[in-house]
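The values are calculated or read from the model by the stated rules, or taken from the named source; none is laboratory data. The structure presented is a predicted model; accordingly, all values stated were derived computationally and were not measured. We place every Cβ from the backbone using ideal geometry, glycine too, and count neighbours over all the protein chains shown. These accessible areas exclude ligands, DNA and RNA; they are computed on the full protein's heavy atoms, side chains included. Shrake-Rupley method; radii C 1.70, N 1.55, O 1.52, S 1.80 Å.
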Amino acid sequence: MTTSIQDLAGASVPDVVERARQLLSGKRAALIGFNGAVAQDVSSVMTEAQAFTRCFPFALDPAADVLKPFELVLIDVEASIGSHWHNTDELAPVIGRSLALGSSSAFLSLLTSSQVPYREFCVWPSSPDELL
């Protein structure tokens, strides 16, 4: 069962966050290009929602078999610029399940490029509730 924005329109913020936690529970999330403290912060938010996370470097190809079991692919936007993770054609195998995380300045720089390969965005750092 999926939840649409219309389903959540009348819900309070805690209800929306709780619904996000329920939807993420038991899911697998690949973290692409995150390093150090940022990787730990993102991973802890996902773990709190009872989702399994695994970190991968940008050297991994978006079409790699190892990514097939992951329902969600979180991509560090700032580190992705100039890599194959910033190329719309190469990102095609995971585009439907990818979420770009980065600073507002990184997203602004995306807007000035000729291609914006991501369908979903989240400004990071943010609160855990905002990510969920």
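Go through region 84-116 and give me each residue that's open to solvent by 30 Å² or more (accessible area, probe 1.4 Å), assigned to a loop (DSSP other than H, G, I, E, B) and small (G, A, S).
S113, S114
When you go through (1) modelled with pLDDT of 90 or more; (2) open to solvent by 70 Å² or more (accessible area, probe 1.4 Å) one by one for L31, which number turns out not to apply?
(2)
How about region 51-70: which of its residues are more than 30 Å from E18 (Cβ to Cβ) and aliphatic (A, V, I, L, M)?
A59, L60, A63, A64, V66
Kindly indicate the residue of region 41-64 that is part of a helix (DSSP H, G or I) and either modelled with pLDDT of 90 or more or hydrophobic (A, V, I, L, M, F, W, C) (or both) and also nearest to W85 (Cα to Cα) among those meeting that condition. So that I can check it myself, show each step before the final result.
At the first step, the residues of region 41-64 found to be part of a helix (DSSP H, G or I) are 41-48.
Next, from what is left, pick out any that are either modelled with pLDDT of 90 or more or hydrophobic (A, V, I, L, M, F, W, C) (or both): 42, 45-46.
Numbers: V42: 18, V45: 23, M46: 21 Å.
Here the residue is V42.
Taking E18 as the residue in question, decide whether it is out of contact with any helix residue (DSSP H, G or I) (no Cβ under 8 Å at 6 or more places or on another chain), surrounded by fewer than 18 Cβ atoms within 10 Å (Cβ to Cβ), assigned to a helix (DSSP H, G or I) and of a type outside the set (S, T, N, Q).
So E18 fits the description; yes.
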